[in-house]
Amino acid sequence: MENIHITRDTITMRYPASWWRDTWREALVCGNGHMGASFYGGTKIQTIMVTDGDLWYGGVEDTLPDVHEAVGRMREKMDRGEYKDASWEIVRELKEKGYRTQLESCLPLGDVKVEIVPKKTFRDYMRALQMDTGEASCQWTDDGVGYRCDGFVSRADDVAVYRIRAEKPVIHANFYTDIHRNPGTPLPKDCACIEENKTTDARDGYLTYQSVNTDGLHFGMAVRITSNGKQKVEFGRIYVEEASEIVLTIRSFIKESDSDGTEKAIDYLNTLDQEYNILFERHVPLHREKYDSASLEFGGYEGKCNEDLIAEAFSKEQSPELMEKMWKYGRYLFISGTDENANPFPLYGLWGGGYGLIWCHNMANENTQMIYWHSFVGNLTEYHRALFRYYNDRMDIYRKNAKNLYGCRGIYMTAGTTPNVSTPNQVVPVIMNWVGAAGWLAQHYSNYVSYRPEEEDCIRNEICPYLEEVAAFYEDFIQYKEDGSIKLYPSVSPENTPQNFMPPLTEMIAHPMPTTINSTIDLAIVKEFFTNLIHLGKQYGMYEDKMDDWKKIIDSIPPYKTNELGAIREWQEPQFEDRYDHRHLSHIYPVFPGYEVNSVDQPQEMEMYKKAVELRKIDAQTGWSMAHMASIYARFDQGEMAAECLDNMAKSCLLSNFFTLHNDWRGMSITLDMDPAPVQLDAALGYVNAVQEMVMYSSENLVKILPALPKRLEKGMVKNFQYPGGSISMDWDKEKNRFHICMKAARPHTIRVAVPKDIHISKWEGKQVNICKCDGYMELHFDGMGEIIEADGIMVSEK
């Protein structure tokens, strides 16, 4: 029996999952986009937690009453300067009318429990995840005999598969199924029906488990167990003795209207091959196609285990090896946790192992967007189709939201949603009074058009209907001052409160007064949205009758103002003072995630954004905010600062399996304090984007090559990174003064390319090179699809 094969695409750990009670937090996770499996435990007791991205429980979607007249009263009070009272106007009326909507929680489907009888003391334990194949493994020796366990979730056959092997026929093990439980933590009361309706069974070669969800529908799984040992059924378990190989094949089901789901699952399992290797070989090509859609490597690879990489980062700074592995791991989570036809990737991915988990929903005031930022440059653009389908399918609800809350046409969404709850929820001013969620998400729709302009059917039937509804809302919602300038109100800078409206430190109030006029992010979203929509309209010959109205809106937005410290104001109106003790960086939107300001075209304007980020307090940050800040510093072309943000994230919010947390839980100095620290995988995906931003900036008319490369990344390569016109592959080595780039066109286009001053390119070569050298960049013209332009350069090391 071979040992686990370790490559650059493997992450390894010397210890089992160890988080007390919630061991699932440090599991090795696998998924095929909708079915998930978390493998954790030790050499004796192991758990396979099975999950499904469409299995949620609880939640209440109430009928939204018409309270739009409250907006008029709110604005009247705000005009009089009565901001605190005005902030509660909509919320107060909703509560008076008894409105109650509650988001759902993700529901673990169930556990397969494994108990292996030990012989003596284990030695040489290791666990590993092969990111390029999606296989999780662990191995050890016991009494001189090697043991190994492997598992994956099949993309080909839609099952989870687990195998236990030993070098000799010495495996004695038993298996059973159960509701997912965390030791010492009782199930909440709203899960009582799941416990009450649970049934498990063991029969010749099969385990079954099923229950009834809070919606009355059945869910569960069947497990086929095959081995080369002796099998028997006792006490609701399957016992296997004297085996050298045992294979478990798990078929799950959800939303069945009757109780025959387990029989259907067994029937399906009977159609599949029993051999692990055959099932695995069917799965791997489908997984690798997605995993290899882009690639990245940095110099300095040593093959260290996760614990050593994290300890090194905690003590000093993270290594290039950790940065490379985090980029790969984040992408692995993404392609395993969603796909084009599934729900969008939520904050726990497919692998939430608790009940009533905090923030397990889709949150569109930062987090959902962060999860998808990396996908354009990382050549996973098509994954946005899940996002579009999710929000477009709920358009009727969003129209009612807009009408009943604000008296507007178009759509309004609160930031938080779950698959079956889309009416306004989290009924507090910081959520209800922010109208920017739909507009911010619209950036992803517009970017999709930039990267896939030939998909006209998708553009006209999925993208444009959404954008048209967002436009209609803004057309009705936007107000104007006497001088003709825009007056957006209510307006919120997500989750922040102006400093002069903060209560004394003795009063602990979350989000005390977020409701303002003209927050910078809201203005930036509106400006970006209508700019993109006008561009799309011209590109596809649409909206000619709307262009003048939309240009008027853009023209009504004044230049952004700075405060007395020279930083861009978070709220553009002077009655709202900036507050720096906060995690969100919303007012930096024009630089990132927007494209309004960049270091090539507006280098001086960048200074006010740099000042604003510099003033943010480190102990107010979170895992995801440091990933966000790293991307911002990359847009500033400040590679060392970007890397430092990722260092801080690795020091404070990284678990041994590379799951990311909302905050540090150990009382250190980097993040805000919250116990227990929730898992938030948006930080892992934001990390992927930050690394990409350090290596390449991509917009519709400008590409920056290696714009924010820290010293530690002096050697590396990327393949198949995308920009709107095509793809880019490059490699560099500062020690050898070598640089090479290859650009391949996806369609005819012209693009500006900015190269750092320490890279000297003497000549670009291609079939028909058409280059215009300008101040700070070169302009390259591609005549057709597939055309390649390459260049070699000399990297001049800093002295």
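Okay, residues lined up against (1) surrounded by 15 or more Cβ atoms within 10 Å (Cβ to Cβ); (2) over 21 Å from Ala294 (Cα atoms); (3) out of contact with any strand residue (DSSP E or B) (no Cβ under 7 Å at 6 or more places or on another chain); (4) modelled with pLDDT of 90 or more:
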{"position": "Cys742", "(1), (2), (3), (4)": "yes, no, no, yes"}
{"position": "Ala754", "(1), (2), (3), (4)": "yes, yes, no, yes"}
{"position": "Gln768", "(1), (2), (3), (4)": "no, yes, yes, no"}
{"position": "Tyr777", "(1), (2), (3), (4)": "yes, yes, no, no"}
Practice prompt. Sort out for me the strands (runs of 3 or more DSSP E) sitting completely within the stretch 700-766 that have 3 or more residues that are farther than 29 Å from Glu596 by Cβ and touching a residue at least 24 places away in the same chain (Cβ under 8 Å).
Written response: 715-723, 738-745, 759-766
Practice prompt. State all residues of the stretch 58-92 that are more than 35 Å from the chain's Cα centre (by Cα) and open to solvent by 30 Å² or more (accessible area, probe 1.4 Å); if no residue qualifies, say none.
Written response: Glu69, Gly72, Arg73, Arg75, Glu76, Lys77, Asp79, Arg80, Gly81, Glu82, Asp85
Worksheet entry | Filter result for Tyr301 (farther than 27 Å from Leu107 by Cα, open to solvent by 40 Å² or more (accessible area, probe 1.4 Å) and aromatic (Phe, Trp, Tyr)) | yes
Discussion item. Looking at (1) within 23 Å of Glu454 (Cβ to Cβ); (2) modelled with pLDDT under 95; (3) open to solvent by less than 50 Å² (accessible area, probe 1.4 Å), which one does Met785 not meet, given that it meets all the others?
Written reply: (3)
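Yes/no per residue for (1) open to solvent by 30 Å² or more (accessible area, probe 1.4 Å); (2) among the aromatic types (Phe, Trp, Tyr):
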| position | (1), (2) |
| --- | --- |
| Leu536 | no, no |
| Gln539 | yes, no |
| Ser556 | no, no |
| Glu564 | yes, no |
| Pro574 | yes, no |
| Leu585 | no, no |
| Tyr589 | no, yes |
Fill in: The listed residue being assigned to a loop (DSSP other than H, G, I, E, B) and among the aromatic types (Phe, Trp, Tyr), out of Tyr489, Tyr474
Tyr489
Response to the item:
Counted residues in the stretch 307-324 being out of contact with any Asp or Glu (no Cβ under 9 Å at 6 or more places or on another chain) and surrounded by 24 or more Cβ atoms within 10 Å (Cβ to Cβ) come to 1
Worksheet item: Any idea how many residues of the stretch 489-539 are on the phi > 0 side of the Ramachandran plot and under 24 Å from the mean Cα position of the chain (by Cα)?
Response: 1
Discussion item. What's the number of the only condition in (1) open to solvent by 10 Å² or more (accessible area, probe 1.4 Å); (2) farther than 21 Å from Pro169 by Cα; (3) in a strand (DSSP E or B) that Ile250 fails to meet?
Written reply: (1)
Item to complete: Read through the list (1) over 16 Å from Pro183 (Cα atoms); (2) open to solvent by less than 10 Å² (accessible area, probe 1.4 Å), then give the number of the only condition that Asp9 fails.
Response: (2)
Discussion item. Would you confirm whether or not the stretch 485-502 contains a residue that is among the aliphatic types (A, V, I, L, M), more than 24 Å from Ala567 (Cβ to Cβ) and open to solvent by 10 Å² or more (accessible area, probe 1.4 Å)?
Written reply: no
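Yes/no per residue for (1) modelled with pLDDT of 95 or more; (2) out of contact with any Gly (no Cβ under 7 Å at 6 or more places or on another chain):
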site: Gln572; (1), (2): yes, yes
site: Asp578; (1), (2): yes, yes
site: Val591; (1), (2): yes, yes
site: Ala620; (1), (2): no, yes
site: Ala627; (1), (2): yes, no
site: Cys645; (1), (2): yes, yes
Item to complete: Pick out the one residue from Leu654, Leu681, Leu672, Leu661 that is open to solvent by 10 Å² or more (accessible area, probe 1.4 Å), closer than 30 Å to Ser18 by Cβ and at pLDDT 95 or above.
Response: Leu654
Practice prompt. Would you mind finding the one in Lys527, Lys551 that is in contact (Cβ under 8 Å) with a residue 60 or more places away in the chain, basic (Lys, Arg), closer than 26 Å to Cys408 by Cβ and outside any loop (DSSP other than H, G, I, E, B)?
Written response: Lys527
Practice prompt. Could you give me the residue pairs with C-beta distances under 8 Å whose first residue belongs to the stretch 454-479 and is closer than 18 Å to Ala402 by Cα, whose second residue is loosely packed, with under 15 Cβ neighbours inside 10 Å wherever it lies, and which are 6+ apart or on separate chains?
Written response: Glu475/Asp549
Response to the item:
Turns out the strands (runs of 3 or more DSSP E) fully within the stretch 84-154 with at least 3 residues that are within 28 Å of Pro285 (Cα to Cα) and out of contact with any Phe, Trp or Tyr (no Cβ under 6 Å at 6 or more places or on another chain) are 122-130, 135-142, 145-153
Worksheet item: If you scan the stretch 519-532, which residues turn out to be over 13 Å from Tyr589 (Cβ atoms) and buried (at least 24 other Cβ atoms within 10 Å of the Cβ)?
Response: Phe530
Worksheet item: Looking only at residues in the stretch 353-411 that are in a loop (DSSP other than H, G, I, E, B) and without any contact (Cβ under 8 Å) to a residue 60 or more places away in the chain, which one is farthest from Tyr466 (Cα to Cα)?
Response: Ser375
Discussion item. Criterion first (in contact with a strand residue (DSSP E or B) (Cβ under 9 Å, 6 or more places away or on another chain) and not acidic (Asp, Glu)) does Asn518 satisfy it?
Written reply: yes
Discussion item. Could you check the stretch 767-778 and list, in sequence order, the residues that are β-branched (Val, Ile, Thr) and touching a residue at least 12 places away in the same chain (Cβ under 8 Å)?
Written reply: Val769
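The values are calculated or read from the model by the stated rules, or taken from the named source; none is laboratory data. All figures in this text were calculated on a predicted structure; none of them were measured in a lab. Every residue, glycine as well, gets a Cβ built from its backbone with ideal geometry; the counts of neighbours run over all protein chains shown. For accessibility, only protein heavy atoms count, side chains too; no ligands or nucleic acids. Shrake-Rupley method; radii C 1.70, N 1.55, O 1.52, S 1.80 Å.
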